[in-house]
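What follows is a set of notes on a single structure, which appears directly below.
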Amino acid sequence: MTAPDHPNMTVTNPILPGFHPDPSIVRVGRDFYIATSTFQWWPGVAIYHSRDLVHWRLAARPLDRLALLDMRGNADSGGIWAPGLSHDGEKFYLIYTDVKSWGSNEVFKDSHNYLTTAENIEGPWSDPIFLNSSGFDADMFHDTLEGGDGRKWMLNMLWDHRDGRNRFAGIVMQEYSPQQGKLIGPREIIFTGTSIGVTEGPHIYKRGGWYYLVTAEGGTSWEHAVTVARSRDLHGPYEVHPENPILTAVDDASLPIQKTGHSSFTGTEGGEWVLAHLCGRPLTQRGECPLGRETALQALIWGDDDWPRLAQGGHHPALHPPLPALPPHPWPDVPARDDFDGSELRGEWLTLRAPGETQGVALIGGKLRLTGQESMLSRHRIALVARRLQSLNARFVTALNYEPDDFQQMAGISAYYDSRNWVYLRISRDETLGKTLNIVSCENGQYREHVSPEVGIEGTETVHLAVVYSAGSFHFEYNLDGQQWQPIGEAFSAGLLSDEHCGGLSFTGTFLALTCQDLSGRHLSADFLYAEYTEH
């Protein structure tokens, strides 16, 4: 094995905690970038930036206008699946899939693949070029190294809906012409996968005269794995790694990070290599992962046989991998508190499926104003602004001014997974008690109210609300005088809002949300004065 010539540094996985799945990593000069999936959350795609592989900052959310992405009506866990970020020496290429419809029991997937480019990671990003709809997990390979001819090739998995066929029919490749702005020539299947199955997530890398095809296999749960194959010819045939899979946690449920797969590679300027992959951290062995699928890193070394392997040996993920020792480059901390005094929402905030301004979200006079739209079940117009939960020991606090006229008007704070799974501490109005608090929830589509009688708060102008995570559960609190916090309702298991609990096959994670509804159609607004997220 060839090993680095200088000491390594360690990092604690995941390096991007909370919902950050399907990492696509690339290096440009001394800068490393990781693009991750965002599914139904808007703006689409999150791109993170590092110079030392340890400290990461949010650098861009490229799909930030409706011309690039409009997901109104998309299914939960639809939208942006597994972006592919690459660089051809001149500009960035971002391929993304907008999944309009899908389901574990549905034979068809409407998955449209687009390309956008930018000279700088911050943008501006070009208007989209439609590529195909034949599958998902797309990427672009630029054959520019080691005497390559410079041509560009799009990769994606091929979805086969026919009876009796393998739905994951293989990895297809087709040439992309930047001059014509479209795919050209024949589409060919270059790899049909291994016996692990569920072959997806393709990336190609060139090293030492070999083309290395990296794929995800096993499905994105406990059986997830990273498969590597190689060929002297880009078009194949590809031989599979003799010790495949090179990364998986399938055979050890006690490992602290599970679901390891969907990988991409990159090298440092010094010739060392790392592997980015998604993972999950279950509450119990093979239990629920409320933080969603997160991004982790592993160190790679290359053997004398020109195959990559994990630096720690074996195929299990390391919690503290020995990464290349690069000069430390921390970024300024993001303030815990947001007073909503900027001209636009800070980067950690997301809306659902479309820009906030199309759904009653506005910053006005140092306040976040949410104008009530449709219900929490809506996939079209919902006044909701949310950020990721990134630790199971966290507190999310807000204060709002809101005067509902009747029971159809609601505003407050929510732990949110998707339109069918959420827990919501809301202010509303009762015909007898006046302005009230209650906790309402939806669990796989089943609605419940948790506090009876409701808590009367008539006469209180500013109400402070909090959701608190600790020891695998969460609960809500309220404060009417700015000083004394009081618990309300029961505690909930953190696993209630997880891929595993929410329908059994979903792909996001827990978010902490500020939201407002007006089911009467009168569009009453709530003013949120601040929001603060802290971990403990």
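The values are calculated or read from the model by the stated rules, or taken from the named source; none is laboratory data. Just so it is clear, the structure is predicted and the values come from calculations on it, not from any experiment. Glycine gets a Cβ as well: all are built from the backbone with ideal geometry, and neighbour counts include every protein chain shown. The area values use the complete protein model at the heavy-atom level, side chains included, leaving out ligands, DNA and RNA. Shrake-Rupley method; radii C 1.70, N 1.55, O 1.52, S 1.80 Å.
Would you mind working out the magnitude of the charge dipole of the chain relative to its Cα centre, with +1 at each Lys and Arg C-beta and -1 at each Asp and Glu C-beta, to the nearest 20 Debye? Before the final figure, lay out each step's value.
Details: 42 positive and 67 negative charges, 109 e Å.
Value, rounded to 20: 520 debye.
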Checklist entry - Which one of Leu519, Ile457, Thr508 has its Cα pushed farthest toward the positive end of the charge dipole of region 408-536, where Lys and Arg give +1 and Asp and Glu give -1 at the Cβ? => result Leu519
Item to check | For region 211-313: span of alpha carbons on each principal axis (Å, largest first) | outcome: 43, 30, 20
Item to check | Computed magnitude of the charge dipole of region 85-152 (debye, nearest 20; Cβ of K, R +1, Cβ of D, E -1) | outcome: 220 debye
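Carbon and sulfur atoms: what percent of the 1.4 Å accessible area of region 44-177 do they account for?
Details: 2200 of 4890 Å².
Within region 44-177, the accessible surface is 45 percent carbon and sulfur.
Sorting check: for 52-65, 402-415, 505-518, which peptide has the highest mean count of neighbouring beta carbons within 10 Å, and how do the rest follow? Working shown, then result.
Working: 52-65: 19.4, 402-415: 21.6, 505-518: 25.1.
Going by the mean number of other Cβ atoms within 10 Å, highest first, we get 505-518, 402-415, 52-65.
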Checklist entry - Using just the C-alpha positions of the chain as equal point scatterers, what log10 of I(q)/I(0) does the Debye formula give at each q in 0.08, 0.09, 0.11 1/Å? => result -0.51, -0.64, -0.94
Checklist entry - aspartates and glutamates near Lys109 by alpha-carbon distance under 13 Å, same-chain residues fewer than 8 away left out - which ones? => result Asp98, Asp137, Asp160
Checklist outcome for this item: In this structure, among Lys100/Lys152; Lys367/Lys435; Lys100/Lys367; Lys100/Lys182; Lys91/Lys259; Lys100/Lys206, pairs with alpha-carbon gaps over 30 Å are Lys100/Lys367; Lys91/Lys259; Lys100/Lys206
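Please label the shape of region 299-359 as rounded, prolate or oblate, based on the square roots a ≥ b ≥ c of the eigenvalues of the alpha-carbon gyration tensor (a/c under 1.5 means rounded; beyond that, a/b larger than b/c means prolate, else oblate).
prolate
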Next on the checklist: So, for the chain, what is the accessible surface per residue at a probe of 1.4 Å, expressed in square angstrom?
Outcome noted: 37 Å²
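So if the hydrodynamic radius of region 372-469 is defined as the Kirkwood radius over C-alpha pairs, what does Stokes-Einstein give as its diffusion coefficient at 37 °C and 0.692 mPa s, in µm² per second?
Working: Rh = 14.2 Å.
My calculation gives 231 µm²/s for D.
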Next on the checklist: Please give the Cα centre distance for region 444-481 versus region 206-229, rounded to the nearest Å.
Outcome noted: 46 Å
Checklist entry - So, in Å, what gap is there between the alpha-carbon centers of region 290-352 and region 56-72? => result 20 Å
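Going highest first, how would you order 179-190, 72-83, 356-367 by mean Cβ packing within 10 Å? Walk me through the intermediate numbers first.
Working: 179-190: 12.8, 72-83: 22.8, 356-367: 16.4.
My ranking of the peptides, most packed first, is 72-83, 356-367, 179-190.
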Item to check | Charge context of Lys152, other residues only, Cβ under 9 angstrom, K/R +1, D/E -1 | outcome: -2
Next on the checklist: Charges at C-beta only: +1 for Lys and Arg, -1 for Asp and Glu. How large is the resulting dipole of region 127-172 about its Cα centre, in Debye rounded to 20?
Outcome noted: 240 debye
